[in-house]
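The values are calculated or read from the model by the stated rules, or taken from the named source; none is laboratory data. Predicted, not measured: the structure shown is a model, and the values here were computed from it. As a convention, Cβ positions derive from the backbone with ideal geometry for all residues, glycine included, and neighbour counts pool all protein chains shown. Just so you know, the surface numbers come from the protein's heavy atoms only, side chains and all, with ligands and any DNA or RNA stripped out. Shrake-Rupley method; radii C 1.70, N 1.55, O 1.52, S 1.80 Å.
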Amino acid sequence: MLVKTKAIVISSLKFQEKSLIVKCFTQSDGLKSYFVQSAYSGKKSNQKIAYFQPLTILEIEANHKNKGALEHFKEIKLSTAYQTINTDIVKSTIVIFLSEMLHHSIHEEEKNEDLFTFLETALIWLDTHEETSNFHLILLLETTKFLGFYPDNSEIDFNFFEMTEGIFSPFQGISCLSEHETFLFKKLINLKFDSDQKVFAGIERQILLKILLDYYSIHLDGFKKPKSLDVLKEVFS
């Protein structure tokens, strides 16, 4: 079936000498993997390499056979040409880290248009704003809404966050955050992308990042912590 859709590049893997296997989160069909033959040869193909950088937003036309095998692009073009993400070291590091997180988090080959719209809007926001220190934390927390394990904040006044159940508790059980960690987590829950970026110190962001990674690990089977985590920590240290 010939499909025209927007797609966000999640990962690209070199195959043999000249080809790529590209995993995309599509607006029309959720997660899809594509085979790009001779991606590293020819003038036209060099443009394709640029298309497949982490979290690039594309408009694609593709043949979807939906048989579990690799699909093939027919046409590719940029949906959004980033102005700063590819040249700003902090933003590009954030994007590499988040692409790895999404790679290990999104597994369903089914349409999730709300998640696609959220990610597209968030990435465009990142590209067009300068103060982005908390962006990755907010995006990871907000993404849990679409993955099914956003914290239940109906009892947010309690002092401890219980990680396994995703609820706030008056008692500190074995899988609860400390009172200080819970305080930071509550602050994060109340943040928006355009909130004051100075609300957290650097060490507090590190604490929150560890909390989010642990939270993902608890709620997603087979979740792996990104290889780019150390680079991200270095950028924000």
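For the stretch 34-43, check the following and say yes or no: at least one residue is of a type in the set (S, T, N, Q), outside any strand (DSSP E or B) and modelled with pLDDT of 95 or more.
First pass over the stretch 34-43, keeping only residues of a type in the set (S, T, N, Q): 37-38, 41.
Still in the list and also outside any strand (DSSP E or B): 37-38, 41.
Cutting the leftovers down to modelled with pLDDT of 95 or more gives us none.
Looking through the stretch 34-43, none of the residues is of a type in the set (S, T, N, Q), outside any strand (DSSP E or B) and modelled with pLDDT of 95 or more.
Can you pull out the residues in the stretch 5-21 that are open to solvent by 10 Å² or more (accessible area, probe 1.4 Å) and either modelled with pLDDT of 95 or more or outside any strand (DSSP E or B) (or both)?
Listed by number, the residues that qualify are Thr5, Lys6, Gln16, Glu17, Lys18.
So for the stretch 111-130 (the condition being open to solvent by 50 Å² or more (accessible area, probe 1.4 Å), in a loop (DSSP other than H, G, I, E, B) and farther than 27 Å from Phe200 by Cα), does at least one residue qualify?
First, the residues of the stretch 111-130 that are open to solvent by 50 Å² or more (accessible area, probe 1.4 Å): 111, 113-114, 117, 121, 124, 128-130.
Subsequent filtering for residues that are in a loop (DSSP other than H, G, I, E, B) retains 111, 129-130.
When the remaining residues are screened for being farther than 27 Å from Phe200 by Cα, the result is 111.
Yes, because at least one residue in the stretch 111-130 is open to solvent by 50 Å² or more (accessible area, probe 1.4 Å), in a loop (DSSP other than H, G, I, E, B) and farther than 27 Å from Phe200 by Cα.
Among the candidates Phe158, Phe171, Phe200, Phe185, which residue alone is in contact with a Pro (Cβ under 6 Å, 6 or more places away or on another chain) and more than 24 Å from Asn112 (Cβ to Cβ)?
The unique qualifying residue is Phe158.
It is to be established whether one or more residues within the stretch 165-181 are open to solvent by less than 10 Å² (accessible area, probe 1.4 Å) and within 19 Å of the chain's Cα centre (by Cα).
no
Which of the residues that make up the stretch 53-84 are farther than 18 Å from Lys4 by Cβ, at pLDDT below 90 and surrounded by 13 or more Cβ atoms within 10 Å (Cβ to Cβ)? Step through it out loud before you land on a result.
Step one: list which residues in the stretch 53-84 are farther than 18 Å from Lys4 by Cβ, which gives 53-55, 67-70, 81-84.
Filter again for at pLDDT below 90, leaving 67-70.
Within the stretch 53-84, just Leu70 meets the criteria.
Within the stretch 67-83, can you find the residues that are of a type in the set (Phe, Trp, Tyr) and part of a strand (DSSP E or B)?
So the first thing to find is which residues in the stretch 67-83 are of a type in the set (Phe, Trp, Tyr), and the list is 73, 82.
Once the filter is applied, which keeps residues that are of a type in the set (Phe, Trp, Tyr) and part of a strand (DSSP E or B), the stretch 67-83 yields only Phe73.
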